[in-house]
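What follows is one structure encoded as structure tokens, with my remarks underneath.
The values are calculated or read from the model by the stated rules, or taken from the named source; none is laboratory data. Predicted model only: the values in this text are computed from it and were never measured. Don't worry about glycine lacking a Cβ; one is built from the backbone with ideal geometry, like all the others, and counts go over all protein chains shown. Protein only, heavy atoms only, side chains kept; ligands, DNA and RNA dropped before computing areas. Shrake-Rupley method; radii C 1.70, N 1.55, O 1.52, S 1.80 Å.
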Amino acid sequence: MRREIAIVVFPGFQLLDAAGPIAVFEMAERFRPDSYAIQVVAPGGGVVRSSSGVSLNAEPLDDARFDTVIVAGGNLAQVEAGQPAIAALLAGDGWRRAAGVCSGAFFLADSGLLDGRLATTHWAAADRFRQRYPQVRLDADRMFIRDGKVWTSAGISAGIDLALALVEDDLGPGIARRTAQQLVVHQRRHAGQSQYSVLVEQGGKTGRFGDLIGWMRGRLGEPMTVERLAERAAMSPRNFARAFSAEIGATPAKVVEGLRLEAARLAVETSHLHLDHIAVSTGFGDTHRMRRAFVRAFGSSPQSLRRSAGA
């Protein structure tokens, strides 16, 4: 079945929000021909200039029906200026599923589509989103979220992760995995992965905790209390917890669990190590605790993820 994909843009849109998903669907189409037809659309159509100055040619929004409508994000000033035509498209019934990339979630919320639903957006826009849409259950710690027929993703590059998840939903994990490999995506991120992971990699907004993060990665099997981390950072526990959360956007405990989940998932999917060994070496202690953490973060057990990776 051929699925019509509409990529919705507007003046000032973020180019990668549109180009990332387009590349994903293009590659999936190569592996499963006649699966997707991609169309860029915009209010009024014509040449639409992105925030980078690069433009895309778009068809006008009309009464066409689409399988999937994906709305790009962009600078909040342009997004908040409002695009009634986009809201009207989303509020209609001319699609099977809808998605917002980055601040594209603002358009979905404007249309009422996210009322009462769980959603995410770029971490930097989270406070503004909560102020404008208190009726939406925002979780700004997720890479992407699916709530029924509506999908939302975190900032910019997370649109690629969302599109890969849409492909997996349509064509199965095999095609999605081959698409990710062809795009040379280092490791396809999962829905539960914190969008603050980029800040973790950088050691925070200023890089202040870069050495500490590297030290933590090498000792995941050891206790990682706030007191121990604070001592390593030469700070008091209270000041450390406050400064770390401000730099990373997440608590020390959440970052520790994220690092452990990342290491454990990699070992589960790419090695033949026994799950007991993986649980101990990554700091979960036993397979039961690791399984609970996996189900909470990934929606699947370690055994299920290993089987999927093997397939």
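Quick notes on this structure:
- Solvent exposure of region 209-283, expressed per residue, is 51 Å² of accessible area, with all protein chains present and a 1.4 angstrom probe.
- Put simply, when 134-146, 269-281 are sorted by average Cβ atoms within 10 angstrom per residue, most first, you get 134-146, 269-281.
- Sorted largest first, the principal axis extents computed over the alpha-carbon atoms of the chain equal 59, 44, 35 Å.
- Cα gyration tensor shape for region 55-122, rounded if a/c is under 1.5, else prolate or oblate: oblate
- Compared with the dominant Cα axis of the chain, that is its longest principal axis, helix 15-31 is turned about 90°.
- Between amide H atoms placed 1.01 Å from N, distances below 5 Å from Gly100 occur with Val71, Trp151, Thr152, Ser153, all of them 5 or more places distant or on a separate chain.
- With the highest mean first, a sort of the peptides 1-12, 171-182 on other beta-carbon atoms found within 10 angstrom per residue produces 1-12, 171-182.
- Rounded Å value of the spacing that divides the Cα centres of region 93-167 and region 269-311: 28
- Working from Cα pairs under 8 Å separated by at least six residues, relative contact order for region 55-132 is 31 percent.
- Cα gyration tensor shape for region 3-123, rounded if a/c is under 1.5, else prolate or oblate: rounded
- Cα-centred dipole magnitude for the chain, charges only on beta-carbon of K, R (+1) and D, E (-1), debye, nearest 20: 860
- Solvent-accessible area of Glu80, all protein chains in place: 60 Å² (probe radius 1.4 Å, heavy atoms, ligands and nucleic acids excluded).
- Taking a ≥ b ≥ c as the square roots of the eigenvalues of the Cα gyration tensor, an a/c ratio of 1.5 or more together with a/b no larger than b/c marks region 111-188 as oblate.
- Relative contact order, percent, the chain [alpha-carbon distance under 8 Å, six or more residues apart]: 12
- Percent carbon-and-sulfur accessible area, the chain, ignoring ligands, DNA and RNA, probe 1.4 Å: 50
- Among beta bridges from DSSP that stay inside the chain, the antiparallel ones total about 30%.
- Between the C-alpha center of region 238-268 and that of region 1-75 there is a gap of 35 Å.
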